[in-house]
Amino acid sequence: MPNRIDELLDGLRGARREHNLGELGQGAVGVVDRVFDARLGRVVARKTLRSELLADENAVRTFVNEAKILGQLDHGAVIPIFDAYVNEDGAPVYTMREIAGVSLTRALQMKRSTGVCTPISLDRTLKIISQLCDAMSHAHDRGVLHLDLKPENIIVLPHDQVVLVDWGAARLYDVEKAAERLTDTDDLGRFLTLEEDEELLVGTPRYMSPEQTIERRSDLRPASDVFSLGVIFYQMLTGQLPFQATNLEEIMREVRMTRPPEPREVDLGIHGRLNSIVMRMLAKDVSDRYGSMEEVLLDLEEFRSTAAEFPIAEFAAGETLFAEGDDGDYAGVVVSGEVEIWTTADGERQVLGRVVEGEALGELALLRDANRSASATALSDTRIRMISGEALMSEVEKLSPWILAILSGVVERFVDRSDRLVELLRGSDGDDSADPK
């Protein structure tokens, strides 16, 4: 029997434990390999400090701190760390769960030099930002700041699940919060103290908060991460960065001093509530900014509950958006392009007007739940923010009954005037004296 016990334990001791399966990638301080853990029979990712940095105190400190900080976190959007040790070459190493996905940089087809990218759907954007808010709320509750939030450090997995990586710039800003999990053994709190260089400026300038560019690391708080996530949110909604200087000095100056264009100034189709959320995240003064990721998440959840996540539809030049007589089941706002509104009189096409960027179309049929009284055709490649009847009612129901009564009166008078205008044009026999505007 003892021999049988030794046999069972052989797999957990001795022999070579890890078998390298190939390199996954390299970063500024580490090399990540895919390895097979023979003792547990699983594949993991192993990060090792680059050999040329073994004598670099800052690099070693950064690597060791990252491993310790990851050990404090337990969230689905943070890679769990399995082990940390010094290998036979004297290099610090830690192992973690292997993930398969693409960076947010790649998902957005982002140009690294300019930050210009291709916005994804609003639903996907909100799903990703909400997960990041939740992950950072967890980290802040554990006393940890990330301090290098950017698209390159966000991995998008299947079904738009995300993982936040590269915690090399992170710091433990509140040891007491981190030690709360160890209250039963007070002595263990001493292991949570991390050594760091207070004067070291770590992060990515375009995504730094104003205070991160000038203050000591020990003075930074969760609001700094809120600002950085606000930059990413702005970029995902508009397709561009809020600060677009090209050299380091100008970037730092813009981050500290320049108020960026509001998202709605870049894309008129962006909802006003989202515009307000982003601009509050990007407030220069910490007192004007969200104080926590939890506050951001609550506002995002409130926005999503309003059914205000209006999708964008794209139409090629010459394509019909809707035809006269169709159900008036949606309205839209032109995000880009131009649309011609027209009707038919005695077999001839009569132009009623044109709708350009920032203007609405199809709203009358939607408001009175009626068929279309005219047709709409894209004059150029056009993007429309679509608003369904259900979403419209969700917004309208929040209004005071007195305000609603006033708006209803305005709508009725406008509908009546619009109907009379269409009748006039149909009977004009092509007379241009009737101005559809």
Considering only the stretch 342-352, state which residues are in a strand (DSSP E or B) and surrounded by fewer than 17 Cβ atoms within 10 Å (Cβ to Cβ). Thr344, Ala345, Glu348, Arg349, Val351
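Only strands (runs of 3 or more DSSP E) wholly contained in the stretch 281-341 count here; list those with 2 or more residues that are among the aliphatic types (A, V, I, L, M) and crowded, with 19+ Cβ neighbours inside 10 Å.
Correct list: 330-336.
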Mind listing whichever residues of the stretch 46-86 are part of a strand (DSSP E or B) and either of a type in the set (S, T, N, Q) or surrounded by fewer than 19 Cβ atoms within 10 Å (Cβ to Cβ) (or both)? Thr48, Phe82, Asp83, Ala84, Tyr85, Val86
Quick one: is Phe227 at pLDDT 95 or above, under 20 Å from Leu274 (Cα atoms) and not hydroxyl-bearing (Ser, Thr, Tyr)? yes
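Can you tell me which residue is surrounded by the fewest Cβ atoms within 10 Å (Cβ to Cβ) among those in the stretch 87-110 that are in a loop (DSSP other than H, G, I, E, B), out of contact with any helix residue (DSSP H, G or I) (no Cβ under 9 Å at 6 or more places or on another chain) and free of Cβ contacts under 8 Å to residues at least 60 places away in the same chain?
First, pick out the residues of the stretch 87-110 that are in a loop (DSSP other than H, G, I, E, B): 87-91, 97-101, 108-110.
Filter once more, so that each one left must be out of contact with any helix residue (DSSP H, G or I) (no Cβ under 9 Å at 6 or more places or on another chain): 87-88, 90, 97-99, 109.
Next, only the ones that are free of Cβ contacts under 8 Å to residues at least 60 places away in the same chain stay: 87-88, 90, 97, 109.
Numbers: Asn87: 12, Glu88: 5, Gly90: 9, Arg97: 14, Gln109: 12.
In this case the residue turns out to be Glu88.
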In the stretch 200-224, residue farthest from the chain's Cα centre (by Cα) [restricted to those that are charged (D, E, K, R) and within 25 Å of Gly115 (Cα to Cα)]: Glu211
If we scan the stretch 264-275, do we find a residue that is farther than 14 Å from Thr125 by Cβ and in contact with a strand residue (DSSP E or B) (Cβ under 8 Å, 6 or more places away or on another chain)? yes
Do we have any residue at all in the stretch 395-403 that's in a helix (DSSP H, G or I), hydroxyl-bearing (Ser, Thr, Tyr), at negative phi and modelled with pLDDT under 70? no
It is to be established whether one or more residues within the stretch 235-248 are outside any loop (DSSP other than H, G, I, E, B) and of a type in the set (Gly, Ala, Ser). no
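The values are calculated or read from the model by the stated rules, or taken from the named source; none is laboratory data. Every value quoted in this text rests on a predicted model; they were computed, and no experiment measured them. Note: ideal-geometry Cβ built from the backbone for every residue, glycine included; neighbour counts use all protein chains shown.
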